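FYI, it's all coordinate maths here, none of it is from the lab. What you see is a predicted model, and the numbers here were worked out from it, not measured in a lab. Backbone-built Cβ (ideal geometry, glycine too); neighbour counts: all protein chains shown.
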C-alpha cells in the first residue's frame with residue numbers, strides 16, 4: 001500500500017507540476033509549442049487517472065482500519081480534510097482542462113488559477129497536517145518548482161532553434177524559482193526534521209538528504225545555463241542553443257527524480273513522529 005501511494009503520489013506530483021508549470025510558462029515566457037500542448041494534455045489525462053486511483057487507495061486503507069463499508073465509507077473519506085481537498089483538486093483540474101481547450105486563453109488569468117489550484121495539494125499532505133504556515137510555505141515551494149520545471153519541460157519541447165529572448169525569460173524564471181525554492185526548502189527541513197541526527201538515522205532523513213543532493217545537481221545545471229549557455233546564445237554562438245536545449249532536457253530528468261523523492265517523503269513517517277511514538 002505504501003509503495004503504491006508513493007508511485008501514484010509521484011505521478012500526481014509530476015503531472016501537477018507539468019500542467020501548472022505549462023500555464024505559468026505561457027504567462028511568463030512564451031506561448032506553448034505544439035509539443036508543449038500535447039505534454040499538458042497528457043498531464044491532465046495522467047492526473048485524471050491518478051486522482052481516482054489515489055482516492056480508491058485511501059478508501060481501501062480506511063476499509064482495512066475501520067468497520068464501515070460502501071456508501072458510509074465513501075462519505076467518511078469525502079468528509080475528511082484530505083477528501084474535501086481531493087474534490088477541490090478534481091474540480092480545479094476540470095477547469096484547467098477547459099482552459100487548455102479554449103481558443104484564446106488569457107494566460108495570466110489561467111496561470112493564477114493553476115497556481116492557486118496547487119495549494120490544495122500542499123494542504124493535502126504532511127505540510128497541511130502541520131498547520132497553515134507550513135502548508136503555505138510548501139505551496140510557495142511547489143509553485144516555484146512548477147514554474148521552473150514546467151517551463152523547462154515546455155522549453156525542452158521546442159526545437160534547437162531557440163530565440164535569445166525566450167532563453168532570457170526562462171533564465172529569469174529559473175533564477176526567481178531558485179530564490180524561492182531554497183529558503184522554503186530549508187524551512188521545511190527544520191519543520192519536519194527538528195533533530196539533525198534524524199537526517200542520518202531515519203529513512204525520512206536519508207531520503208531528504210538524497211533529495212537535497214539531486215537539488216544541488218539541478219541548481220548546478222541551472223547555473224550552467226545562467227552563466228554560460230544563455231550568455232553564449234545572446235552572443236550569437238551557434239552551438240549554444242543546442243547545449244541549452246540538452247541541458248534543459250537533463251534538468252527535467254533530474255527534476256523528475258527529485259519529485260519521486262518528494263513523493264516518497266510524503267508517505268514515510270516523519271522523524272519527530274517516530275520519536276514521539278517510539
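So if I average 1/r over every pair of distinct C-alpha atoms in the stretch 1-126 and take the inverse, what Kirkwood radius in Å does that give?
Kirkwood hydrodynamic radius for the stretch 1-126: 15.5 Å.
What distance in nm separates the two pseudo spin-label positions at residue 246 and residue 172, each 7 Å out from Cα along the beta-carbon direction?
2.9 nm
At 7 Å along Cα-to-Cβ for each site, give me the label-to-label distance between residue 257 and residue 2 in nm.
Those two pseudo-labels are separated by 2.3 nm.
Just to verify a number: FRET efficiency for residue 113 and residue 74, C-beta to C-beta distance, R0 = 25 Å, to 0.05?
0.35
Please work out the FRET efficiency for the pair residue 98 and residue 37, using the Cβ-Cβ distance as r and a Förster radius of 22 Å; give the result to the nearest 0.05.
0.95
Assuming 0.36 nm per residue, please report the length gained on full extension of the stretch residue 179 to residue 216 beyond their Cα-Cα distance.
12.0 nm
Note down the relative contact order for the chain as a percent, whole number, built from C-alpha pairs under 8 angstrom at least six residues apart.
27 percent
Only helical DSSP H runs with n ≥ 4 go in: add -39500 (n - 2.57) per run for the chain, normalise by residue count and round the 222 nm mean residue ellipticity to 500 deg cm²/dmol.
So the helix-based figure for the chain works out to -28000 deg cm²/dmol.
Would you calculate the convex hull of the Cα atoms in the stretch 166-215 and tell me its volume per residue in Å³?
66 Å³
Which distance in nm do the two modelled labels at residue 81 and residue 44 give, with both placed 7 Å along the Cα-to-Cβ direction?
With each label point 7 Å from Cα toward Cβ, the separation is 3.1 nm.
Report the Cα centroid-to-centroid distance between the stretch 181-249 and the stretch 23-73 in angstrom, as an integer.
So the separation of the two Cα centres works out to 26 Å.
Just need the relative contact order of the stretch 131-278 here, percent rounded to a whole number, with Cα pairs under 8 Å and 6+ apart.
Dividing the mean separation by the residue count of the stretch 131-278 yields 35 percent.
Using just the C-alpha positions of the chain as equal point scatterers, what log10 of I(q)/I(0) does the Debye formula give at each q in 0.07 1/Å?
These q points yield log10 I(q)/I(0) values of -0.27.
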